[in-house]
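Here the structure comes first, spelled out in structure tokens, and everything after it is commentary.
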Amino acid sequence: MIVQLDRDIFDLKIGILGTRSKCFTDILDKHQISYCLVSSIEDIDETYDIIFESGVYSIIPEEVLIKPTYGFIGIHETPLPEGKGWAPIQWTVLNKRKHLTITLYKLASRADNGKIINQVNKPIFTYDTLYTLNKKREEGISECFEIFIEEMKSGFIVLREQSGKPSYHKKRTKENSELNPDIPLKDLWDEIRICDNENYPAFFVIGDTKIILRYEVQKK
């Protein structure tokens, strides 16, 4: 599906929403395209032409999604329709995937269910951690967005239907950071490296005592 823009991208009212907005604003600044930073979905109205979002952790209501002329464009870190739902980086590692796939797509009323614009793959290496993968996510978002902006400068948006078998990832909590102390550490590496050292550190329990394990990767 090809959507023809009704005017030049430089004349559109663009909104940026979410905690990872810098991935978008850096590219827009580079192309000298103006935008508005949106602090809340309540601030979005029909005067907006398009909203870019990344790092929004709640479902945006359909009545808000339809307000901008060209809708909301968002990011999900799996090859949609595989891996809809929560904790995409963590589940990507636990599922032994070789790449972190960044998907740019148009948001629909159901979570992670909209049409795909483009995808970028970032390789996952043995010693990548949550922190290095977060950096790769940001790089992938910027690459996807750069491609999309070049399309929009040409006057159109290309939307592709999701294809393949969908799968869903459940939400992870701090309890998911618990390790089995009977398993060798090297076999627990995937479970350790997806833990957040500050907020959700890996831990194991001996008797009635909780042992917190924080990690650091260093070259020999």
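Summary of computed values
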{"quantity": "Highest-fluctuation residue, A111, A202, A87 considered, GNM on the chain with Cα pairs under 10 Å", "calculated": "A111"}
{"quantity": "Interatomic Cα distance distribution for the chain, bins of 5 angstrom, percent", "calculated": "1, 6, 14, 17, 18, 14, 10, 8, 5, 4, 2, 1, 0, 0"}
{"quantity": "Spatially near lysine pairs across region 3-111, Cα under 28 Å, sequence gap of 8 or more or different chains", "calculated": "18"}
{"quantity": "Rg/Rg_globular for region 1-120, with Rg_globular taken as 2.2 N^0.38 Å and Rg from C-alpha atoms", "calculated": "1.08"}
{"quantity": "Compactness of region 156-213, expressed as Rg and Dmax over alpha-carbon positions, Å", "calculated": "17.7, 62"}
{"quantity": "Chymotrypsin sites (Phe, Trp or Tyr not before Pro) lying in DSSP loop within region 43-151, provided at most 16 other Cβ fall within 10 Å", "calculated": "Y57, W86, F125, Y127"}
{"quantity": "222 nm mean residue ellipticity, helices alone, for the chain (DSSP H n ≥ 4; -39,500 (n - 2.57); rounded to 500)", "calculated": "-6500 deg cm²/dmol"}
{"quantity": "Charge dipole (debye, nearest 20) of region 119-220; +1 at Cβ of Lys and Arg, -1 at Cβ of Asp and Glu", "calculated": "60 debye"}
{"quantity": "Cut-off 15 Å between beta-carbons: net charge of the residues surrounding D45, Lys and Arg +1, Asp and Glu -1", "calculated": "-3"}
{"quantity": "Carbon/sulfur fraction of accessible area - region 1-159, other protein chains in place, 1.4 Å, %", "calculated": "52 percent"}
{"quantity": "Loop GluC sites (Glu not before Pro), region 39-125, which have at most 13 other Cβ atoms in a 10 Å radius of their Cβ (DSSP)", "calculated": "E46"}
{"quantity": "DSSP bridge orientation in the chain - percent antiparallel, rounded to nearest 5", "calculated": "65 percent"}
{"quantity": "Most to least packed among 159-169, 204-214 [average Cβ atoms within 10 Å]", "calculated": "159-169, 204-214"}
{"quantity": "Zero-based 10 Å bins, Cα pair distances in region 91-220, whole percents", "calculated": "10, 32, 30, 18, 8, 2, 0"}
{"quantity": "Distant-in-sequence amide H partners of H99 (H built 1.01 Å from N, under 5 Å)", "calculated": "I124"}
{"quantity": "Selected from I141, T129, G114, residue furthest toward positive end of dipole (region 92-220; charges at beta carbon)", "calculated": "G114"}
{"quantity": "Those trypsin sites (Lys or Arg not before Pro) in region 1-45 that DSSP places in a loop and that have at most 13 other beta carbons within 10 Å", "calculated": "R7"}
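The values are calculated or read from the model by the stated rules, or taken from the named source; none is laboratory data. What you see is a predicted model, and the numbers here were worked out from it, not measured in a lab. Every residue, glycine among them, receives a Cβ derived from its backbone with ideal geometry; neighbour counts consider all protein chains shown. Remember, those area values only see protein heavy atoms, side chains included, never the ligands or the DNA or RNA. Shrake-Rupley method; radii C 1.70, N 1.55, O 1.52, S 1.80 Å.
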